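Encoded as structure tokens, the structure appears first; notes follow it.
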Amino acid sequence: MRLRALLETDALGLRLLGGQDELDRTVRGVMTTDLRDPSRYLSGGELVLTGLAWRRDAGDSEPFVRILAGAGVAGLAAGEAELGDIPADLVEACDHHRLPLFAVHETVAFATITEHVVRQVSGERAGDLAAVVDRHRRLMTSGPAGGGPEVVLDLLTSDLDLRAWVLSPTGRQIAGAGAPLPGPLGATLAGHHLAATRTGRRAPHRAAVAGTTYSLFPIRNTGRGAVPAARDVRESVLSDWLLAVEADASDWPAARLDLLQGVTQLIAVERDRREAARTVRRRLAQEVLELVQAGAAPAEIAARLRVAAPVLLPGLGVAPQWQVVVARVDWTAADA
């Protein structure tokens, strides 16, 4: 957001005292301080809020403003609650260093300004990230140059401070930003997702594990938050990936939910690409199983396995030992 946008919001109670020509500066954050030297806590682009407790006499304003200007802050907002009118020496120092200065009316809490700035800046960052996600989606759709789901998960972490992981239906981690999920947490989250999906609840699903809240987003191509038809639930819960985000999405604005939905659609493209690569292997495996089910001679089955081995197990280099495993999923009568 721009500094001038602050003056357009009457509820903030800001009055411009200097720096009219600098109002196009970008605000990237907000900080409240009464330290005489807050430089160690500044990274540039902040709107600095101060109650002026650092000022003991007129000589304190110049070094304080010089430190702020050197740190590259966007502007300074001084509260009128403590001293009433903003001291002239502070106005002069800000004018000398070309630092925009605002007066904050005594009836306006710094928390009100902080919440407004954070909300605006976060919304803009989410919009910028949404554009990045869309661009990355197009790259992945056209080919593997997009870098896979890890790239967009890294963006969620760096731009929105959201840690997220892509999990299989059993909880196996497929992708993630930073450290992997500890221990059996992936399986636990997958279990929560499975239970919520089978009840037909609308996504994202909320799961609280060991005092931490996660939001679980299904990765599928059925549209935003759609719940699979009853006849499809069994198939979807055993095949769909899920995106586990370390955050409570229940109070998120629509823009952020849309962003995460875009992320799941992007990851679905990668899943489809991987599924396509497995098509040949699955077809060969299916042919072998059909021979077994039909009661074919062991020699015929062995011959087919020798042909299929280089595709089913590429790079193995030796003849594998095969074991046929049969599994069945039992559903309760309530889910039938």
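The values are calculated or read from the model by the stated rules, or taken from the named source; none is laboratory data. Fair warning: this is a prediction, and the values are worked out from it, not measured in the lab. Ideal geometry is used to build each Cβ from the backbone, glycine not excepted, and the neighbour counts take in all protein chains shown.
Within the set ALA255, ALA230, ALA249, the sole residue that is touching a helix residue (DSSP H, G or I) at 6+ places or on another chain (Cβ under 7 Å), assigned by TED's automatic domain parsing to the domain that holds LEU194, more than 21 Å from ARG172 (Cβ to Cβ) and modelled with pLDDT under 85 turns out to be ALA255. For segment 161-219, filtered to residues that are touching a strand residue (DSSP E or B) at 6+ places or on another chain (Cβ under 8 Å) and basic (Lys, Arg), the residue that is modelled with the lowest pLDDT is ARG163. Taken over segment 86-107, the criterion of being closer than 17 Å to ASP34 by Cα and outside any helix (DSSP H, G or I) is satisfied by ILE86, PRO87, LEU101, PHE102, ALA103, VAL104, GLU106.
Selection within segment 266-286: residues that are surrounded by 13 or more Cβ atoms within 10 Å (Cβ to Cβ) and modelled with pLDDT of 80 or more. The member of this set that is nearest to LEU162 (Cα to Cα) is ILE267. Of the set (1) modelled with pLDDT of 75 or more; (2) in a helix (DSSP H, G or I); (3) aliphatic (A, V, I, L, M), all apply to ALA334 but (1).
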